[in-house]
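Visitor: Below: one structure in structure tokens.
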Amino acid sequence: PLTRALASPEYGLSPRELEVASLVVCGRSSKEISGLLGISVKAVSFHRANIRRKLGLKSQRQNLRQFLIDVSDTSY
């Protein structure tokens, strides 16, 4: 459900950002995500920042994981 909700053109997330978002929802840390995807922690931080910007959370203090869970719950 999360991938379908976030893959819409409305958000414009890249395939890698979708992977990072799905791992964030699973509760993985940036370090764990970097190990699983074979990228640096800095790259994960970059993708997380892009996800926050594309979802309109850049200047808000809302938790990214909770926002993604809410999006996946309301997509059906």
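Visitor: Where the only charges are on Cβ atoms (+1 Lys, Arg; -1 Asp, Glu), what is the dipole of the chain about its Cα centre, to the nearest 20 debye?
Guide: 340 debye
Visitor: Tell me the carbon and sulfur percent of the accessible area for the chain, rounded to whole percent, probe radius 1.4 Å.
Guide: Its accessible area is 52 percent carbon and sulfur atoms.
Visitor: Counting only heavy atoms of protein chains, what accessible area per residue, in Å², does the chain have with a probe of 1.4 Å?
Guide: 63 Å²
Visitor: OK, next. Which three semi-axes in whole Å describe the equivalent ellipsoid of the stretch 1-42, each the square root of 5 times a Cα gyration tensor eigenvalue, listed largest first?
Guide: So the equivalent ellipsoid measures 20, 11, 7 Å along its semi-axes.
Visitor: Still on this model: Can you give the alpha-carbon Rg of the chain over 2.2 N^0.38 Å, where N counts its residues?
Guide: With N residues counted in the chain, Rg over 2.2 N^0.38 Å equals 1.01.
Visitor: Ok, one more. Helix hunt in the chain: which complete DSSP H runs extend at least 24 Å axially by C-alpha with mean Kyte-Doolittle at least -0.5?
Guide: none
The values are calculated or read from the model by the stated rules, or taken from the named source; none is laboratory data. Just so it is clear, the model here is predicted, and its values are computed rather than measured. Cβ coordinates were reconstructed from backbone atoms using ideal geometry, including for glycine residues, and neighbour counts include every protein chain displayed. We work out accessible area using only protein heavy atoms, side chains counted, and drop any ligands, DNA or RNA first. Shrake-Rupley method; radii C 1.70, N 1.55, O 1.52, S 1.80 Å.
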